[in-house]
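Worksheet: the structure to be examined is printed underneath.
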């Protein structure tokens, strides 16, 4: 086995060249190149994490904006509904008031008219009594020639009309 | 076995303090590993926010090791990530390059750096030394409490201490030997089946080609297995290193 047979002649050469090469690898590759490559990996991981965080923040922001929009829309809807309801109520109340006023006016005029009618009827009745009394006096005078007093004729007419 | 032999490429007579430090095929493959690793990592240095395939591959590797450290040691282990990453990538690259079919180009032959105990042993000792240094630096002599688990009956403390100490001291050997043996065994297995293919064809008997074909199918299977083993062994080495570091940093 040459690895063991040759030890006495090659040990110094092997040791020297190995230490030389390994020292260069350790200094150049291990201590200079590797940390830079690791730094690149860390920078990338940080960037990815930062981007993820930013994306999550943006998502939260959009969610809150959405919520605010929905809330505002709800408020607006409710406001519009209230306004419509208020307008409806006001219109109803207005109509009712107008109807009531109109009803009252009509009732008043009806009452006036009734009063006037009753008046006119009273007057007409009185007129009829007078006319009837006159007619009665006239008839009595023609038939009997007796003069009937105006008051007497009137009371007689009233009594017969009331019967 | 010749695939494991280390031969000087240039400077066969170079010496440093009386030791031979020739630039061998092993050293050449270490440089190849360095180059491949550097090019691979360069693809990850584009540092784009949306990574391309290459950058994603590099980031997968760094993320893999960083997660392993995070899971096994915790936040305190972060400063050891460069070391474990270097270790993991070096071993993984060495294992995979050793499997590369370079021999199809005449004159070249792939060499597996991690199939040498002189390499895996040094890596293991390096990891173990870091564990010792960190342990004694952070906890002083209190580090020895690592060898006495919580709730040990008073009478058993000396025995448990001894057992734990031995198991602790065996760690560098098991760490280095595991990788060395796994790589060597895999390559020998491939070597054996490859020799069966050749011998079957040369035997001249009727059964020869059948053996060759079966051996070739086995080579395909074992090669796939070896790619898996290459990754697993690199992972095991890095994982055990981080577990031992966890002991040193957090005790029990």
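Just so you know, all these numbers are worked out from the coordinates, no wet-lab data involved. As the structure is a computational prediction, the values presented were derived from the model and not from experiment. Glycine also receives a Cβ, built like all others from the backbone with ideal geometry; neighbour counts cover every protein chain displayed.
Quick notes
- With Cα atoms as the point set, the range A:2-162 shows a radius of gyration and Dmax of 62.3, 194 Å.
- Using alpha-carbon coordinates, inclination of helix A:34-144 to the longest axis of chain A, degrees: 0 degrees
- A convex hull fitted around the alpha carbon atoms of the range B:105-228 yields 179 Å³ per residue.
- All Cα-Cα separations within chain B were binned at 5 Å from zero, giving a P(r) of 1, 6, 10, 13, 14, 14, 12, 10, 8, 5, 4, 2, 1, 0, 0, each value a whole percent of the pairs.
- In nm, spacing of pseudo-spin labels at residue A:159 and residue B:155 (7 Å Cα→C-beta vector): 16.0 nm
- Shielding of peptide B:49-61 by partners, expressed as the average count of other chain Cβ atoms within 10 Å per residue Cβ, is 2.
- Length released on extending from residue B:136 to residue B:14, taking residue separation times 0.36 nm less the Cα-Cα span: 40.1 nm
- Once you divide the Cα radius of gyration of the protein assembly as shown by 2.2 N^0.38 Å, the number left is 2.68.
- Note on residue A:58 and residue B:227: the model spin-label points, each 7 Å out from Cα along the C-beta direction, lie 4.3 nm apart.
- Residues of the range A:45-63 with amide N under 20 Å of a point placed 7 Å along Cα→Cβ from residue A:73: A:59-63
- Value of relative contact order over the range A:2-162, rounded to a whole percent, pairs C-alpha under 8 Å and six or more apart: 10 percent
- For q = 0.10, 0.14, 0.25 Å⁻¹, Debye-computed log10 I/I(0) when each Cα of the range B:74-172 counts as one equal scatterer: -0.46, -0.74, -1.28
- Peptide B:24-37, shielding by other chains (average Cβ, 10 Å cutoff): 4
- Chain B: angle of helix B:25-42 to the longest principal axis, Cα-based, in degrees nearest 10: 70 degrees
- Model label zone, residue B:201; criterion: amide N under 14 Å from point 7 Å along Cα-to-beta-carbon; scope the range B:92-111: B:104
- Rounded tilt (10° steps) of B:53-72 against the dominant C-alpha axis of chain B: 40 degrees
- Estimated [θ] at 222 nm from DSSP helical runs (n ≥ 4, -39500 (n - 2.57)) normalised by residues in chain A, nearest 500: -33000 deg cm²/dmol
- Contact order normalised by residue count of chain B, Cα under 8 Å, 6+ apart, percent: 23 percent
- Taking every residue in B:73-82 and counting other chain Cβ atoms within 10 Å of its Cβ, the average works out to 2.
- The peptide list B:3-15, A:116-128, put in order of mean Cβ contacts within 10 Å with the highest first, becomes B:3-15, A:116-128.
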